[in-house]
Amino acid sequence: MTTVYVPRDSAARSVGSDEVAAALAQDPALRVVRNGSRGMFWLEPLVEVETPAGRIGYGPVAPSDVDGLRPLLATGDVTHPLYVGRVEELPWLAGQQRVTFARMGVTDPLSTQDYVAHGGLVGLRAALRRTQAEVVAEVTASGLRGRGGAGFPAGVKWKTVLDCPEGLKFVCCNADEGDSGTFADRMVLEGDPFMLIEGMTIAAWAVGAREGYVYIRSEYPDAVQTMRAAIDLARAEGWLGERVLGSAFAFDLHVRVGAGAYICGEETSMLESLEGKRGTVRAKPPIPAIEGLFGRPTVVNNVLTLATVPVILADGAEHYAALGMDRSRGTQVFQLGGNVKRGGIVETAFGMTLRELVESYGGGTLTGRPVRAVQAGGPLGAYLPESRFDLPLEYEAFAAAGAMLGHGGVVVFDDTVDMAAMARFAMEFCAEESCGKCTPCRVGAVRGVEVIDRIVAGERPDENLALLEDLCELMTDGSLCAMGGLTPMPVRSAVAFFPDDFLSRKP
Amino acid sequence: MSLLKEPDYGTPPKPGPAVVDVEIDGLPVTVAEGTSVMRAAALAGVDIPKLCATDRLDAFGSCRLCVVEIDGRRGTPASCTTPVAPGMSVRTQTPKVAKLRQGVMELYISDHPLDCLTCSANGDCELQDMAGAVGLRQVRYGYQGQNHLDATADRSNPYFDFEPSKCIACSRCVRACGEIQGTFALTIEGRGFDSKVSAGAGESFMDSECVSCGACVQACPTATLQEKTVLQLGMPTRSVVTTCAYCGVGCSFKAELRGTELVRMVPHKDGGANEGHSCVKGRFAFGYATHPDRRLKPMVRERITDEWREVSWEEAIGTVARRMREIQAAHGPDAIGAISSSRCTNEEVFVVQKMVRAAFGNNNVDTCARVCHSPTGYGLKQTFGESAGTQDFRSVAAADVIVVIGANPTDGHPVFASRMKKRLREGARLIVIDPRRIDLVRSPHIEAAHHLQLRPGTNVAVVNALAHVAVTEGLVDKGFVADRCEGFAEWAAFIARPEHSPEAVEGITGVPADELRAAARLYAGAPNGAIYYGLGVTEHSQGSTMVMGMANLAMACGNLGRDGVGVNPLRGQNNVQGSCDMGSFPHELPGYRHVSDDAVRTVFEKLWDRPILADPGLRIPNMFDAAVAGSFRGLFVHGEDIAQSDPNLQHVTAALTAMDLVVVQDLFLNETAKFAHVFLPGASFLEKDGTFTNAERRINRVRAVMKPKSGKHEWQIVCEIATAMGYPMSYTHPSEIMDEIASVTPTFTGVSFELLDKLGSVQWPCNPQAPEGTPVMHVDEFTRGKGKFVVTAYVPTDERSTRKFPLILTTGRILSQYNVGAQTRRTENVAWHREDILELHPHDAEVRGITDGDTVRLASRVGQTTLRAHISDRMPTGVVYTTFHHPVTGANVVTTENSDWATNCPEYKVTAVQVGLAI
Amino acid sequence: MSHVISEQRMANQIAANQRHLPEADAVAAVAGHIDRFWNSFLRSRLYALVDAGAAGLDPVVVKAVERIRT
């Protein structure tokens, strides 16, 4: 019996992995395991076969390739045109530092055995042996910062919740991954859900919560299904429930599904939505750590943040903090997309340059044309020209350059991109996704589109550019949340780095 | 919005002492912890521009006009959502924030009609004010961009218009609907630029859950939500603070006038009872005061079959005096009497009972409180020593468990209900004891922990069982009972008997024993448990017993004498408390002092220079009996429609017909006036000058908004009748009447119009011991010394279902209408409730072949009527329900002569009936 | 219905609500209540009922009336 792996990740499924898996399953000599994705999307569907020499990969495998491939699998044939070699030795993967994503693509996401066999639960067991304060201290010492975009130190947030008087507290995982060009959260939910469960359980233990919620966007049906199945399995195993791992600690977890609003990725909107209300932003203070879900102290962290917690507890804060640079410790799971030759997950320690990511990992544009710009940090992140590609991928360096790392998404554009259109799109996106609560965002974004249209149409361009800048200042300084506050970032960067796109086309 | 500008501090006050020192633009100010920078600034005298903030609502942080700079902090935080910190130094006017504010205003105005000069809110518009305050000079975006100027108006509500083109999406209306009113009818629909205020799921205001309380209209900073009267009449020019004349909540209002015309009523933020809130009746339903049905001239007729003849005041008053004296001459001094009104002022009620006692020379005075809360007076006097509720309304904010018994506050006492609901949303638990599933049982963000759906008439069995659980499960507050009460041992031995256990009474009450036990444990175990009750307690054959039963339970659980606890009647009418306080019961002089008390009588005899009888006078039902018997022949009815509101109407009309002289003083020719010989036109509350006392013993000033349309004050008319009868009574001003009340009533000695004008209102007792009044009673000891446990045996009512009358009818009130509807039926409120409806359970309907909307016949052993049926699972099987707002229905045609054993309060809440399709 | 029945009904109802007491106490309670709250017109009607043979009257009421009159 030969074991073959065909990813169940929805990126792989979108290019036919289900059909490939079904075709392979027709061979009784093959055991088909639906693993997570390794995050090398240009190779999906990536079929791996278990051999004595390790896991050999073939990809991208179309369903029509299966008949030809099937007889060769048992031997790990090296001559097949789709043969890519031993997967773990592929330089693209081997050069990464997969810490959070160590199991990604390796295991069957819904196999509790696989999970434990690959280091699962070590962190939780370690946490339960320590006091709450010790766990919080460990996370603080690791330097782990919120991976959702804001980069707030996770340990500090947890300590705030822990220091609130005992009583009803919550742990909420923000899995409303709405940034264009990001997919790491989805991959965790689909590819290693127990890791998130373990991370949330550790967080709950650390702060004294008994109940947790995973808020997943409705556009991720596979993630919802996998996460729910994983929670059921975890309960059955005693990893969740009244006595977590046989301890006196009780914790349970529920999945909630969003309703298509980008703004619900903003933590306070997400809390409103979890409470069954319209997803609108709450003013802060009070911060959610003190008055969060249903007014109770609440840890709200991104998927990646919580998913990184088990390994920190398992290997120790020092081990994690040894990676990275300056105040950006550990690794970041970059998501490379857009017009790029080799898109996917690149997890490395903070500090690699943008150029290395785009050029070495990405291999340039898919179209083969020169890279003109990248947008880092999602739709509210800055557009950076080639001249800025030597920036180290690190929170403070990006902030200093008027940009942001955000959730780690990096989208590549070639030289055909119209940056005025991209600036307009930023305003349009804000107008579309604004919750409508604060005036700068609700009205400002609509006016922003109109002003850019007038600039592009050559209507009093100087006056309107000045007005656009005033509007950007108002939105940045006056908005209630980061949605309106960051929308000017792509606009201003587009104007600053690509001014010709705004002015050159009209007489 | 409101014309008379009250200071708006932007965010609500925070509790606690002022301990945080901050500096606003260099001005030092010390405020409570958690206070917003905006409020601190306002307290320092610095106004920060704002649109979405108002101190009636929690900070929201959406308009972004109120940004400030704080030394040592990054950015420009919104001052409404930023709490102060010690040593904070705030700058509210800097070039940076000035630019941001102008930018925000530029955005607002880029999507707003430029019709200020013709707008109904011109001069009373916060957007207009703020555009000025931030110095807006240009709108560089122009006015051609995307906008809402074509949004369709909703004029469906009879009292206000919704003009969404003027909306600035500040959410103040939505928040007011939720935070203040607690209805959650409004929401913001859509998102981003498409965000718009929506009633319900995109319905019109009238089709939505909106209860038309008007909080949204008041909260709106622009003309988006505007009173129709303002649109029609224009902005008011002056304002008079007065008190609502509907229910016993006693809301304070600013009556806003244009010239002499009343434009709108705006609830007064400083009103102790309502703190700036109102309901549809108080805010909007004042049109009856100028309704053409009002009679403004005195009228006389020889026989009730004759036509009315308008006469002069002299002739009318002379006729009353002459004929009253003639009756006394022929049939004895006790053959006449009067009924005072809980709708009238304390001063008016006082002079009525004075007229009876001093001029008539008997004690034949009773009040319409007889038919509502007389058992409250009896029961609370017996147990606590004072015939009044124990708490102020504010107290509910400290309750942990709230028990609502036989009351439907969201309909009957809506403004108090809003305060209660706020506390419930904060997490207080709720127990509802009512046969009907009232709205409170389950409404937005509120769900009762227990609804004890008892059979009508079994209140005492339920309260005894609740007490049984407390006593037998060791939940009694032993310290409180030992220190503060007497009679406990005897009572506890009685209540602990097995026949009072929840299991034993389940068959009687229909309340599952485990549910009752759980409710008892919840109440008894609460740090603060508060009981609120209504006519579902009092209007029973054991109304007084039930009041004492609740008092026993509260004492046993130590739930008296502090905030958050107590036993609290929700009074039906604006001045039930006051009319009782003023001595309008036949056995009591003002201040609840028995007429047989020689010392008390002496005080009054000296003051009034007339002997006072030591024998109690006739109660209302006794008057009717005596009239039918021929010994009671002359009645002065002050502002009460007994021919509609009293039970067993056939008997009432027989009594009225039998009398020689019936004098009605009222706004309208009501049902009772059909039996009257003299009609004296009354004054509406807008014309009255005096005081009302609400359910929390709060004495509120009623100030004349206009002169009496009839030419005379009601107290004047009464005095002139007494004078014409040979007992001179005269005052130059109602304040003199209050001074007289204060001079003879120990609980009122400190009360004067001067004090009321100074404090706004005051809760009696108000005397040298409590110069500013008494919000919570019985704090260190009970009025009677020790609280007295009274054994409360359950005695089933004689009124029970039979084969012929297998259903039990119970009655109640609906939000938009008020009692017999004399006022509300003469306003646009009929848009919500055109007729009385009989509610019955689907099963009871099905077996009778009744479908929703059918006209049905409702019959009891004393009478029958017809009305339309509404099938509703709010009712348990076997129980039907109707309101009594419309004379055409005549719900009281079917109610019986049964009454409370101690006070003769009618048993309105239990009548055996049959229902069938009307043929 | 006649007013005579009213007094009978009211007095019997008061007595019914004191029935949990020993008879002597119940008589005292009924007498006290009638004395304190009833008008002389009602009392005289009640006395008349007693004098007419007390038909339909609760024995406790009859004893209470005796007590008030003495």
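The values are calculated or read from the model by the stated rules, or taken from the named source; none is laboratory data. Computed from a predicted structure; not experimentally measured. All Cβ positions, even for glycine, are placed from backbone atoms using ideal geometry, and neighbour counts span all protein chains on display. Remember, those area values only see protein heavy atoms, side chains included, never the ligands or the DNA or RNA. Shrake-Rupley method; radii C 1.70, N 1.55, O 1.52, S 1.80 Å.
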Decide, for region A:112-321, between rounded, prolate and oblate: order the square roots of the alpha carbon gyration tensor eigenvalues as a ≥ b ≥ c, take rounded if a/c falls under 1.5, and otherwise choose prolate if a/b is larger than b/c, else oblate. rounded
To the nearest 0.05, the calculated FRET efficiency linking B:GLU772 and B:ARG521 through their beta-carbon distance, R0 being 45 Å, is 0.70
Within the accessible area of region B:626-780 (1.4 Å probe), percent carbon and sulfur: 52 percent
If r is the Cβ-Cβ distance from B:LYS606 to C:SER44 and R0 is 35 Å, what FRET efficiency results, to the nearest 0.05? 0.70
Rounded Å value of the spacing that divides the Cα centres of region A:479-501 and region B:155-170: 36 Å
For region A:221-290, with the dipole built from +1 on Lys and Arg beta-carbon atoms and -1 on Asp and Glu ones, taken about the Cα centre, which of A:LEU233, A:VAL257, A:ALA289 lies farthest toward the positive end? A:ALA289
Please list, ordered by chain and number, the residues whose modelled amide H lies under 5 Å from the amide H of A:VAL255; skip anything fewer than 5 residues away on the same chain. A:VAL214
Looking only at lysines whose Cα falls under 16 Å of B:LYS478's and that sit 8 or more positions away or on another chain, we get B:LYS786, B:LYS788
Per-peptide average of other Cβ atoms within 10 Å, ordering B:478-485, B:737-744, B:685-692 highest first: B:685-692, B:737-744, B:478-485
Which order do B:THR602, A:THR353, A:THR439 take when ranked by solvent-accessible area (1.4 Å probe, heavy atoms of all protein chains), largest first? B:THR602, A:THR353, A:THR439
Point-to-point label distance, A:SER360-B:ASP873, nm (Cα→Cβ direction, 7 Å offset): 6.8 nm
Report in % the part of the accessible area of region A:2-91 that belongs to carbon and sulfur, leaving out ligands and nucleic acids; probe 1.4 Å. 55 percent
Of the listed links B:LYS297/B:LYS709; B:LYS297/B:LYS674; B:LYS254/B:LYS712; B:LYS606/B:LYS688; B:LYS354/B:LYS758, those spanning more than 18 angstrom between alpha carbons are B:LYS254/B:LYS712; B:LYS606/B:LYS688; B:LYS354/B:LYS758
Which whole-number percent gives the relative contact order of region B:695-838, counting Cα pairs below 8 Å spaced six or more residues apart? 16 percent
Relative compactness, chain A, computed as alpha-carbon Rg over 2.2 N^0.38 Å: 0.99
Ordering B:434-444, A:327-337 by per-residue average of other C-beta atoms within 10 angstrom, highest first, gives A:327-337, B:434-444
Checking the a/c ratio against 1.5 first, then a/b against b/c, what shape does the Cα gyration tensor give for region B:266-389? oblate
Give the dimensionless ratio obtained when the Cα radius of gyration of chain B is divided by 2.2 N^0.38 Å. 0.97
Average beta-carbon neighbours from other chains, 10 Å sphere, peptide C:9-21: 5
Using the Cα centre of region A:324-414 as the reference point, and only Cβ charges (+1 on K/R, -1 on D/E), how large is the resulting charge dipole? Debye, rounded to the nearest 20. 200 debye
Gyration tensor over alpha-carbon atoms, region A:2-91, equivalent ellipsoid semi-axes in Å: 16, 16, 12
Tell me which of B:THR152, B:LEU127, B:ALA185 sits at the most positive position along the dipole axis of region B:125-185, charges placed on C-beta atoms (Lys, Arg +1; Asp, Glu -1). B:LEU127
Between chains B and C, what is the buried accessible area summed over both chains (1.4 Å probe, protein heavy atoms, nearest 100 Å²)? 2200 Å²
What net charge is computed for the residues neighbouring B:SER541, neighbours being all others with C-beta under 9 Å from the C-beta of B:SER541, Lys and Arg scored +1, Asp and Glu -1? -4
For the A:VAL78, A:VAL156 Cβ pair and Förster radius 45 Å, calculated FRET efficiency rounded to 0.05 is 0.30
Per residue, what volume in Å³ does the Cα convex hull of the protein assembly as shown take up? 206 Å³
List the lysines whose alpha-carbon lies under 21 Å from that of B:LYS50, not counting same-chain residues fewer than 8 positions away? A:LYS284, A:LYS437, B:LYS5, B:LYS14, B:LYS96, B:LYS99, B:LYS166, B:LYS196, B:LYS269
Normalised by the empirical 2.2 N^0.38 Å for globular proteins, what value does the Cα Rg of region A:419-503 take? 0.97
Starting at 0 and stepping by 10 Å, how many percent of the alpha carbon pairs of region C:6-69 end up in each bin? 25, 62, 12
CD proxy at 222 nm, helix term only [per DSSP H run n ≥ 4: -39500 (n - 2.57); per residue of the protein assembly as shown; nearest 500]: -9500 deg cm²/dmol
Per-residue average of Cβ from other chains inside 10 Å of A:429-439: 6
DSSP-defined antiparallel bridges as percent of all bridges, region B:381-540, nearest 5: 15 percent
Just to confirm my numbers, what's the Cα centroid distance between region B:638-696 and region B:371-392 in Å? 25 Å
Could you work out the mean count of beta carbons from other protein chains within 10 Å of each residue's beta carbon in B:616-622? 5
Selection from B:MET324, B:LEU454, A:PRO165, by position along the positive dipole direction of the protein assembly as shown (Cβ): B:MET324
Restricting things to alpha carbons, find the Rg to Rh ratio for region B:761-919 using the Kirkwood radius for Rh. 1.13
How large is the dipole of chain C about the Cα centre if only Lys and Arg carry +1 and Asp and Glu carry -1, each at its Cβ, rounded to the nearest 20 debye? 140 debye
With only alpha-carbon pairs counted, each pair once and no self-pairs, how large is the Kirkwood hydrodynamic radius of region B:654-765 in angstroms? 16.0 Å
Gap separating the Cα centres of region B:858-901 and region B:515-566, nearest whole Å: 28 Å
Around A:ILE290 (Cβ within 15 Å, Cβ-to-Cβ, excluding A:ILE290; K/R +1, D/E -1) the net charge comes to +1
Summing +1 per Lys or Arg and -1 per Asp or Glu among the other residues with Cβ less than 10 Å from B:PRO83's Cβ gives +1
If you restrict to DSSP beta bridges whose two residues both lie in region A:164-293, what percentage is antiparallel, to the nearest 5? 10 percent
Surface per residue (accessible, 1.4 Å probe) for region B:843-891, Å²: 42 Å²
Can you give the accessible area per residue of region B:87-172, in Å², using a 1.4 Å probe? 44 Å²
So for chain A, averaging the separation of alpha carbon pairs under 8 Å that are six or more residues apart and normalising by length, what relative contact order in percent results? 13 percent
Please list A:49-61, B:520-532 highest first by mean number of surrounding beta-carbon atoms within 10 Å per residue. B:520-532, A:49-61
Determine the percent antiparallel among the DSSP beta bridges restricted to the protein assembly as shown, to the nearest 5. 55 percent
Ignoring ligands, DNA and RNA and using a 1.4 Å probe, state the total buried accessible area between B and A in Å², rounded to the nearest 100. 2700 Å²
Accessible surface of region B:496-553 [probe 1.4 Å, protein heavy atoms]: carbon and sulfur percent: 57 percent
Any idea what the relative contact order of chain B is, in percent, if you count C-alpha pairs under 8 Å spaced at least 6 apart? 13 percent
